[in-house]
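The values are calculated or read from the model by the stated rules, or taken from the named source; none is laboratory data. Because the structure is predicted, anything quoted here is derived from the model rather than measured. Don't worry about glycine lacking a Cβ; one is built from the backbone with ideal geometry, like all the others, and counts go over all protein chains shown.
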Amino acid sequence: MTALSSNAAPSPLTHAEIISIIVGVMLAMFLAALDQTIVATAMPTIGDDLGDIAHLPWVVTAYLLAATAVTPLYGKLSDIHGRRVTMLVGIGVFMLGSLACALAPTMLLLVIGRFIQGLGGGGLISLAQTIMGDITSPRERARYQSLIAVVFVSASVMGPLLGGFFAEKLHWSLIFWINLPLGLAAFFMTYRLLRKLPRHERPHRIDVLGGLLMLAATVSLMLALNWGGLRYPWISPEIIGLLIVSAVMWVAFVLRLRTAVEPFLPLSLLANQVVRNGTLCSGLGMGAYIGLTIYLPVYLQTVYGMTASETGLMLVPLMAGTVVGATVSGNLMARVQHYKRLPLFGLAISIIGLVALAIHPERMSLTSFEILLGLISIALGTMLPVVTVSIQNATPLHQLGTSMAIMNFCRQLGGALAVAVFGAIVLGAFAQRDGVASPEMMAIGFVGSDIDFAPTFRWVFIAAAVALAAALAALIAMEERPLRATVDEMPVAAE
């Protein structure tokens with residue numbers, strides 16, 4: 001007991017050290033977020049240069065599969081072995097994958113490199129949030145959550161621009177070379193200072209079988225969601241088989257949780273109603289947001305007849321509004337007792353905005369559309385810091401890494417599910433005319449099609465509104481516990 005106490009209370013961090021650690025982990029988070037967006041605009045050039053268009057989608061899929069599958073593992077490892085070593089391993093593996101991608105002479109080797117990148121990048125986002133939880137109390141932590149939104153918005157805006165510029169003006173390999181100096185900066189900024197992090201890890205054994213079952217269930221589900229409606233029809237033997245395999249693996253994983261001495265995901269954490277409802281709210285809300293960021297450009301190109309560059313400018317309110325909403329909510333959360341009220345109101349506003357778009361999916365004035373999009377985004381952004389900090393506030397410090405990993409894992413699954421549902425709606429309309437739907441059709445955004453897509457997108461907006469309504473229900477059910485004022489204070493138990 002004495003040893004544990006000494007580990008948990010090293011010399012206090014100064015304000016300058018806290019800021020340095022936050023900058024370092026934000027840079028690591030930026031690396032992972034950037035690589036989810038920077039490749040998209042360069043893919044045609046990569047496929048042409050390597051002479052392999054057929055397997056080009058695997059450049060995205062390989063990273064997504066690996067990153068999603070290992071996210072819970074990083075959280076568990078950080079709770080067992082500490083944040084510092086886990087973060088440094090993640091950055092190192094990510095840089096190794098980046099180097100493999102930059103030097104890849106064939107599509108196969110590029111896909112392998114992207115998979116290695118995902119193995120490293122999958123833990124960086126949740127680890128950054130966990131480390132912020134280690135060094136700041138829940139009451140003051142809410143103010144820093146807007147930085148996470150800034151990171152994702154920056155990656156969303158800069159990624160496609162940098163990817164297109166490198167591929168067109170220089171060479172596509174620079175997309176991966178740029179990760180090396182950024183990764184080194186993140187590595188050395190955190191290497192020394194992370195030694196001073198408070199230590200909360202406890203000796204545990206990893207449930208290898210449980211981890212493998214969760215990995216198999218996740219990979220098969222992600223493959224089904226990524227291939228369904230694009231590479232194979234939803235009712236094809238391939239997709240149905242993957243969904244069956246995933247369902248069987250999930251059932252086996254749940255049974256393993258009930259029988260293992262130390263399950264891969266602690267049952268006490270899953271029984272925590274704040275963690276459970278907060279994670280559900282976050283997954284549904286972020287899923288709808290990710291789906292909208294993917295399909296709103298298609299909406300603007302088909303219904304409004306805009307070019308790709310024009311759609312990018314039109315989506316600025318969607319990106320910037322999230323940061324504004326998260327910043328306002330985060331700062332207010334630290335000052336009020338009932339911090340759920342703003343995101344409850346915000347989610348309701350977002351649902352109303354999406355219903356308005358569903359009622360009138362035809363062209364409206366650009367000013368009206370931008371105002372509506374900005375309101376939806378700002379209102380949705382109010383949810384992000386409240387849910388994240390609430391989960392951290394209700395989680396014991398020695399399980400903080402696992403809880404953040406679960407939350408981010410569900411966000412990624414929610415995004416994949418939303419993209420699959422929205423894609424099934426949009427691609428289904430295209431397939432009604434030509435009988436097929438493929439990734440190539442997605443790439444051209446249906447420009448030139450004689451189909452009126454406005455009625456189709458009515459159902460996309462309805463689907464997004466339903467997802468946010470479910471997120472609102474989960475947020476209502478989530479208990480509003482008093483925020484802890486210090487880092488080491490124990491979570492308040494449910495009444």
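Check whether at least one residue in the range 401-418 is in a loop (DSSP other than H, G, I, E, B) and of a type in the set (S, T, Y), and report yes or no. No, the range 401-418 contains no residue that is in a loop (DSSP other than H, G, I, E, B) and of a type in the set (S, T, Y). Output the residues belonging to the range 357-369 that are touching a Leu at 6+ places or on another chain (Cβ under 9 Å) and within 20 Å of G325 (Cα to Cα). Of everything in the range 357-369, just one residue is touching a Leu at 6+ places or on another chain (Cβ under 9 Å) and within 20 Å of G325 (Cα to Cα), namely F369.
Suppose the filter is surrounded by 20 or more Cβ atoms within 10 Å (Cβ to Cβ) and either charged (D, E, K, R) or at pLDDT 80 or above (or both); does F409 pass it?
Values: surrounded by 20 or more Cβ atoms within 10 Å (Cβ to Cβ): yes; either charged (D, E, K, R) or at pLDDT 80 or above (or both): yes.
Considered against the rule, which asks whether it is surrounded by 20 or more Cβ atoms within 10 Å (Cβ to Cβ) and either charged (D, E, K, R) or at pLDDT 80 or above (or both), F409 comes out as yes.
Whether any residue in the range 379-388 is in a helix (DSSP H, G or I) and over 18 Å from Q129 (Cβ atoms) is what I want to check. Yes, there is a match, as at least one residue in the range 379-388 is in a helix (DSSP H, G or I) and over 18 Å from Q129 (Cβ atoms).
So, T311, is that one crowded, with 21+ Cβ neighbours inside 10 Å and touching a Gly at 6+ places or on another chain (Cβ under 9 Å) or not? For T311, the condition - crowded, with 21+ Cβ neighbours inside 10 Å and touching a Gly at 6+ places or on another chain (Cβ under 9 Å) - is not met. Within the range 352-378, the residues that satisfy the criterion of being out of contact with any helix residue (DSSP H, G or I) (no Cβ under 7 Å at 6 or more places or on another chain), assigned to a helix (DSSP H, G or I) and of a type outside the set (G, A, S) are I352, I359, L366, T367, F369, I371. Mind listing whichever residues of the range 293-347 are aromatic (F, W, Y) and not in a helix (DSSP H, G or I)? Y304, Y339 - these are the residues of the range 293-347 that are aromatic (F, W, Y) and not in a helix (DSSP H, G or I).
Which one of these is surrounded by 14 or more Cβ atoms within 10 Å (Cβ to Cβ), within 26 Å of P297 (Cα to Cα) and in the same structural domain as A33 (by TED's automatic domain parsing): G228, G164?
Values: G228 fails: in the same structural domain as A33 (by TED's automatic domain parsing).
Exactly one residue qualifies, and that residue is G164.
Annotation: A66 fulfils all but one of (1) at negative phi; (2) over 20 Å from the mean Cα position of the chain (by Cα); the unmet one is (2).
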